[in-house]
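Asks: If you scroll down you'll find the structure; I have some questions about it.
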């Protein structure tokens, strides 16, 4: 909210555009084991909800920071099979093009995101365990609890259409660049876990262009 408030205070009123959004997504974990072999996990349906602010930086071009509550995860291969669900407070910053078309605007955007893990669960075989967040864990900790790094970062893309009334529809994609597996006893892990997903977004912008 601090980022959104600062932009609102420093951007001319004609270019302001607060909005709300929600997405129905499918997320997975791109995973490789310690030997470098790909692990075939399965996508699961997840969601995100949040706020955004659009600030004009040039004709038809906007800077769009967001503040989202985003759920991610995957169905993990193994014996037994388990489901990983992780929640983040996420701040994407999108560079957005909006070109006029048929009374509305075509939307194309991309940009980085940073997420902070705020909770999650690992369920399987009739059991449910809370996920903890830590950048470096001991062998004893790793044996008893599933740990992930607290920070996730990567890139996002969207493509869609905004009606003249401010309602928008878009497809989105998210590509995690951070290895979510923490260090073990101070050593970088050989295994990798990265969040990846795509979905459909519905938004509404209150401000005028």
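Computed from the coordinates by the stated procedures, all read-outs in this text should not be read as laboratory data. The structure presented is a predicted model; accordingly, all values stated were derived computationally and were not measured. A quick note on method: Cβ atoms are made from the backbone with ideal geometry, for glycine too, and the neighbour counts reach across all protein chains shown.
Asks: Just to verify a result, which residue in the range 112-133, among those that are surrounded by fewer than 17 Cβ atoms within 10 Å (Cβ to Cβ) and within 18 Å of the chain's Cα centre (by Cα), is farthest from residue 95 (Cα to Cα)?
Replies: Ranking the qualifying residues of the range 112-133, first place goes to 121.
Asks: A further question on this structure: Could you go through the range 163-184 and let me know if any residue there is free of Cβ contacts under 8 Å to residues at least 60 places away in the same chain, within 21 Å of residue 92 (Cα to Cα) and over 17 Å from the mean Cα position of the chain (by Cα).
Replies: Yes: the range 163-184 contains one or more residues that are free of Cβ contacts under 8 Å to residues at least 60 places away in the same chain, within 21 Å of residue 92 (Cα to Cα) and over 17 Å from the mean Cα position of the chain (by Cα).
Asks: Looking at the structure I just gave you, is residue 63 in a strand (DSSP E or B), within 17 Å of the chain's Cα centre (by Cα) and within 20 Å of residue 113 (Cβ to Cβ)?
Replies: No; evaluated as a whole, the condition is false for this residue.
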